[in-house]
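Visitor: If you scroll down you'll find the structure; I have some questions about it.
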Amino acid sequence: MAPLESLDIELSEKHIETVGKFVADIRNNKLSGSEQIAEATLTLVEKIISESNATARELCGVLRAAARRISSSLPLELVAINMIRRVLRAIRDENRASVDQFQSGEGVGESLQGLVLATPARHSIVPSTDQDLREPIRDHIAELRTELETMRSSITSQAREHVRADEVLLTFGASALVERFLRPTQNRNCKVVVAEGTDVGESHAMARRLSNSGVSVTVINSSCVFAVMSRVNKVVVEVQAAMGGGAVLGDAGLHSVTLAAKYYKIPVVALAPLYRMLPHHLYDPQNFGSLSSPLQTMEYADCGSDSLQVLAPKFDFVPPDHITLFITNQGGSCPSYIYRLLSEIYDPKDYQI
Amino acid sequence: MSSNEIPPKSRDEIKAARQAKKAAKLKVNNKTTENPQLTKEIENLNENNINSKPKVESTDEVDKSVVINPNAVDISTSREQIKADRAAKKSAKQLKKKGAADGESNVQSSVKKELKEDDSVKQNEDMTVKDVVETLKNIVSVAKEVNEITTKVSALDLGGKKQEETGKSKAELRAERRAKQEAQRAAKQAAEKKVVKPKLEAPTVNVDVPKKEEKVIKSKTLEKSKTKLQLAQRFNWFQHLYTEFDKNPLKKIPINSNLHPAIVKLGVQLSSRVVKGSNARCIALLDALNKMVRDYVLPAKTEFSRGLESHLASSLEFLWTTREPCASQINAVKFFRHHLAQLPNNVDEFDAKKTLQEEIDRYIREQIEMAGEAISIAVRNKISNGDTILTYGCSSLIEQILCEAWEAGLQFRTLVVGSRVSPDAAEMLRRLCARGLPCTYVDFTAVNYVMKTVSKVVLGAGALLANGAVVSAAGTAGVALAARARNRPVLVACHTHKFIDSLYTDAFMHNQIGDPDDLLEKSDDNSPLKDWRSNLNLTPLNLTYDVTPPCLITAVVTELAILPCTSAPVVLRFKLSEYGV
């Protein structure tokens, strides 16, 4: 029995085609929104698994190869890779369980001392079994699907704990999740300040929908955030990715919002569904170096000179000390605890795909 | 005369009326050929009528419908028609009186006034040609016919017009009212020239005008209280800042005030944001004051400084309604008043004007131009080759500094940050690019992204407060904060004439609300915010200024020295002892 890691399988022609179609769908905006992409990823994984050999070794190899392929063609698409990581974790757990059936290892974590001293079983090399793991994996994927479906409601149901009556809440940019999060507060007479992000139209549309649902909404430009921040009780934002150390990747401009909140010591609540957990430790936005079209910043006709350069970054990097609280679908957690959450949902071996 | 009842056949009726009039005309012409002398007189009269006609036409459409229709007939016909018309108008008036119970009394009364005046003008003419009219008594029967038909026509037209009237916006109505007032004034003057019945006319006009004004005022206050009520529901935290943003400043300008034209012009420029930026506003104010002083005529038995002071007070009162004064303007006025008060009691008018004008010129030269040069040199010494200088928005001083540094041979890159809402940064960029400076533009949202590459941040200021806080365009504080987070030095370039002795702790104590419609996406006609006025839950807020706390600013560059911004009180005290302001 060969160990599970150190395995690099090339994808078969058939799988390359399936993955290629998935990538094309995302590129052509047939799949838009992270929830849809997460769902589609699960469907893709199911398809790949049903067409592969059944051993854990084979499955892991194929999925990792698919993930590599996706991330090389869509480096900014984090959700799909994260979902594959979660399936990989399930495969590894199933494999370990089936191995443990044969050779019952000593129990870990029975006492606090044991928890601290013992080398975690996961970190030891586990041999691959020859059992057919496809059926239990399908169950796991179904579980993940239900988790996706209930994600919104489980996050928005926590709004009651965090939003009090007569509070002024500030949010940045457009986000369906934040909109849901703020909506049930209407009976509490809350006021919402929407700071428009780079997607101005969507921010305005969100503000309008919120106001139609009875919330008192004030729309401001992102440059006014500092001026308004002194009157705000809480900042609620959705993040693009929550990273290992508790840092956050958000839409461009998020940093100046959280910085202002930090200046005024206003709590920042970051909404992060589990599929947004990224097991990386980035420290600089330039690492993600992604610029969008400068057209949204300045019309071409306004550029009077050829010496003019116009930059429009897509993402902003927010250090962990700006965030007070993460709200995931498993409940709240503070930034310093994110690493633990990551090791619960992913296998450390899959941090690097 | 409810207009709803009028069936489509009304057009036929009008046609019939016109035909009847034509018939009347023909008859008159037949008569007049019998009497050549009479025709001459009538022609003269007709000329008079034509001359007086444009005045009537300059009034609104409602009047036209009543007055001009008959007039058009007048021009080519005789006295007879005039008489007939007058009768027609009277009957129209009576009809109106009946219908005056509804809410359009305002419009109707103005129409009435118009008619009265027309009558009065024509009465003058009547007096001179009474004999002519008498000779044509035999056509009275025809006139009666015409009379009947014209009443019908005018009633119909009026009905139609009234419907339109109700659909008109307030602005249009207001414009019409003004047009009417002007027409009335013109009519009055015309009437006074003809000294036939001045005493009788005068009261009718004078009585009417105040009535109308009362009504206008009433409706205005009603509107105001309505919007106030809405505002109270809407703006809770910044209600004290809110004045209804008026896109048409011309409406506010009093027509018959004794304001100097330069002041009125400046008022328009300020409220339409043609003149903006605290230096430009200060220079424009001083320039207007200069012109005002030059053209000031001292009333008899008045001390120069007192007379000018009261004139200045009324001018400033008007100016500050167009836009709140900024620190530089407040200081400039303080300076002007200081020198006005120092004039001796028995000063000669010419000397006084000369001293004041010289002082104004000196202030512009010393406090703005020379100070700007001194600041430019001081900042230039802080820029080194290879730097990247970040600046926010548009500031004339920063532009001067950067351009002069570039022309002095320094090699640096300028990074202009702007917000989507205000066009200032684009303007700054245009000016810098025109001078050949290498520039980068980013939106405010990208400040953190570019801050790593920045070596110095140079910001302009609208005012520097006694606690060291900087009042500047909204977004400046955010830029300063981002710079502080990455430990980049933040220099604020600020003339000492913008230092002011007030203390704000946040941007809500003192601010101005910009046009909320600026927040809407310009490229998108169907912006989701476009109906914010009808949605009480939705408020676009466009703040003009924000307050940067002193802890975010490394230093303030003034013409005196490079200071920590907590030294602002020192500068204020120094200026008090040095210049007395």
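Visitor: Can you find even one residue in segment B:489-504 that is touching a residue at least 40 places away in the same chain (Cβ under 8 Å), within 12 Å of chain A (Cβ to nearest Cβ) and among the small types (Gly, Ala, Ser)?
Guide: Checked against the condition, which is being touching a residue at least 40 places away in the same chain (Cβ under 8 Å), within 12 Å of chain A (Cβ to nearest Cβ) and among the small types (Gly, Ala, Ser), segment B:489-504 yields no hits at all.
Visitor: Of all the residues that make up segment B:276-329, how many are of a type in the set (Ser, Thr, Tyr) and not in a helix (DSSP H, G or I)?
Guide: So in segment B:276-329, the residues of a type in the set (Ser, Thr, Tyr) come out as B:278, B:296, B:302, B:305, B:310, B:314-315, B:321-322, B:328.
Then drop every residue that is not not in a helix (DSSP H, G or I), which leaves B:296, B:302.
Number satisfying all stated conditions: 2.
Visitor: A:Gly246 fails exactly one of the following numbered conditions: (1) within 10 Å of chain B (Cβ to nearest Cβ); (2) of a type outside the set (A, V, I, L, M); (3) at positive phi. What is the number of that condition?
Guide: Evaluating A:Gly246 over (1) within 10 Å of chain B (Cβ to nearest Cβ); (2) of a type outside the set (A, V, I, L, M); (3) at positive phi leaves (1) as the failure.
Visitor: Right, something else. State yes or no: is A:Glu51 touching a Ser or Thr at 6+ places or on another chain (Cβ under 9 Å), of a type outside the set (Ser, Thr, Tyr), more than 25 Å from A:Arg96 (Cβ to Cβ) and modelled with pLDDT under 90?
Guide: The answer is no for A:Glu51.
Visitor: Shifting gears a bit: Can you name the residue in segment A:303-348 that is among the charged types (D, E, K, R) and surrounded by fewer than 16 Cβ atoms within 10 Å (Cβ to Cβ) and is also nearest to A:Leu249 (Cα to Cα) among such residues?
Guide: First, the residues of segment A:303-348 that are among the charged types (D, E, K, R): A:306, A:314, A:316, A:321, A:340, A:344, A:347.
Filter once more, keeping what is surrounded by fewer than 16 Cβ atoms within 10 Å (Cβ to Cβ): A:306, A:321, A:340, A:344.
Values: A:Asp306: 32, A:Asp321: 13, A:Arg340: 18, A:Glu344: 21 Å.
If we take residues in segment A:303-348 being among the charged types (D, E, K, R) and surrounded by fewer than 16 Cβ atoms within 10 Å (Cβ to Cβ), then A:Asp321 is nearest to A:Leu249 (Cα to Cα).
Visitor: I've got another one for you. If you go through segment B:384-403 one residue at a time, do you hit one that is crowded, with 20+ Cβ neighbours inside 10 Å, more than 20 Å from A:Thr297 (Cα to Cα) and among the small types (Gly, Ala, Ser)?
Guide: Looking for residues that are crowded, with 20+ Cβ neighbours inside 10 Å, more than 20 Å from A:Thr297 (Cα to Cα) and among the small types (Gly, Ala, Ser), one finds at least one in segment B:384-403, hence yes.
Visitor: Could you pull out every one of the strands (runs of 3 or more DSSP E) wholly within segment B:441-545 that has 1 or more residues that are charged (D, E, K, R) and modelled with pLDDT of 85 or more?
Guide: Result: B:456-460.
Visitor: Further question: Go through segment A:160-208 and count every residue that is on the phi > 0 side of the Ramachandran plot, at pLDDT below 90 and not polar (S, T, N, Q).
Guide: Looking only at that region, the number is 1.
Visitor: Given the options A:Tyr275, A:Tyr264, name the one that is among the hydroxyl-bearing types (Ser, Thr, Tyr) and away from chain B (no Cβ under 14 Å).
Guide: A:Tyr275
Visitor: Next up: Would you please name the residue that is farthest from B:Pro540 (Cα to Cα), looking only at residues in segment A:222-231 that are buried (at least 24 other Cβ atoms within 10 Å of the Cβ) and facing chain B (nearest Cβ under 8 Å)?
Guide: Looking at the filtered set, the residue picked out is A:Phe226.
Visitor: Exactly one of these conditions fails for A:Lys234: (1) facing another protein chain (nearest Cβ under 10 Å); (2) touching a strand residue (DSSP E or B) at 6+ places or on another chain (Cβ under 9 Å); (3) surrounded by fewer than 24 Cβ atoms within 10 Å (Cβ to Cβ). Give me its number.
Guide: That leaves (1) as the condition not met.
Visitor: A follow-up question, please. Quick check: anything in segment B:406-427 outside the structural domain of B:Ala327 (by TED's automatic domain parsing), of a type in the set (Lys, Arg) and either crowded, with 22+ Cβ neighbours inside 10 Å or modelled with pLDDT under 90 (or both)?
Guide: Scanning segment B:406-427 turns up at least one residue that is outside the structural domain of B:Ala327 (by TED's automatic domain parsing), of a type in the set (Lys, Arg) and either crowded, with 22+ Cβ neighbours inside 10 Å or modelled with pLDDT under 90 (or both).
Visitor: Okay, next question. Tell me whether segment B:459-466 contains one or more residues that are crowded, with 20+ Cβ neighbours inside 10 Å and within 9 Å of chain A (Cβ to nearest Cβ).
Guide: Scanning segment B:459-466 turns up no residue that is crowded, with 20+ Cβ neighbours inside 10 Å and within 9 Å of chain A (Cβ to nearest Cβ).
Visitor: Would you mind listing the strands (runs of 3 or more DSSP E) fully within segment A:263-353 where at least 1 residues are touching an Asp or Glu at 6+ places or on another chain (Cβ under 6 Å) and of a type in the set (A, V, I, L, M)?
Guide: In segment A:263-353, A:268-271 are the strands (runs of 3 or more DSSP E) which contain 1 or more residues that are touching an Asp or Glu at 6+ places or on another chain (Cβ under 6 Å) and of a type in the set (A, V, I, L, M).
Visitor: Return the residues of segment B:546-581 that are assigned to a strand (DSSP E or B) and closer than 27 Å to A:Ser203 by Cβ; say none if nothing qualifies. Steps first, answer last, please.
Guide: Kept after step one, since they are assigned to a strand (DSSP E or B), are these residues of segment B:546-581: B:546-548, B:555-557, B:562-563.
If the condition is that a residue be assigned to a strand (DSSP E or B) and closer than 27 Å to A:Ser203 by Cβ, then B:Asp546, B:Val547, B:Thr548 are the ones that fit.
Visitor: Kindly indicate which of A:Thr156, A:Thr171 is under 24 Å from A:Arg208 (Cβ atoms), free of Cβ contacts under 8 Å to residues at least 40 places away in the same chain and surrounded by 14 or more Cβ atoms within 10 Å (Cβ to Cβ).
Guide: None of the others qualify; the one that does is A:Thr156.
Visitor: What number of residues in segment A:198-213 are out of contact with any Pro (no Cβ under 8 Å at 6 or more places or on another chain) and either free of Cβ contacts under 8 Å to residues at least 12 places away in the same chain or facing chain B (nearest Cβ under 7 Å) (or both)?
Guide: Residues in segment A:198-213 being out of contact with any Pro (no Cβ under 8 Å at 6 or more places or on another chain) and either free of Cβ contacts under 8 Å to residues at least 12 places away in the same chain or facing chain B (nearest Cβ under 7 Å) (or both): 4 in total.
Visitor: Further question: Take the residues in segment B:533-550 that are without any contact (Cβ under 8 Å) to a residue 60 or more places away in the chain and more than 8 Å from every other protein chain (Cβ to nearest Cβ); name whichever of them is nearest to A:Gly214 (Cα to Cα).
Guide: Checking each candidate, the answer is B:Ser534.
Visitor: Being within 14 Å of chain B (Cβ to nearest Cβ) and β-branched (Val, Ile, Thr) is the filter; apply it to segment A:298-335 and report the residue that is farthest from A:Ala261 (Cα to Cα).
Guide: Step by step, filter segment A:298-335, then rank; the result is A:Val310.
The values are calculated or read from the model by the stated rules, or taken from the named source; none is laboratory data. In this text, all values refer to a predicted model and were calculated from it rather than measured experimentally. Cβ coordinates were reconstructed from backbone atoms using ideal geometry, including for glycine residues, and neighbour counts include every protein chain displayed.
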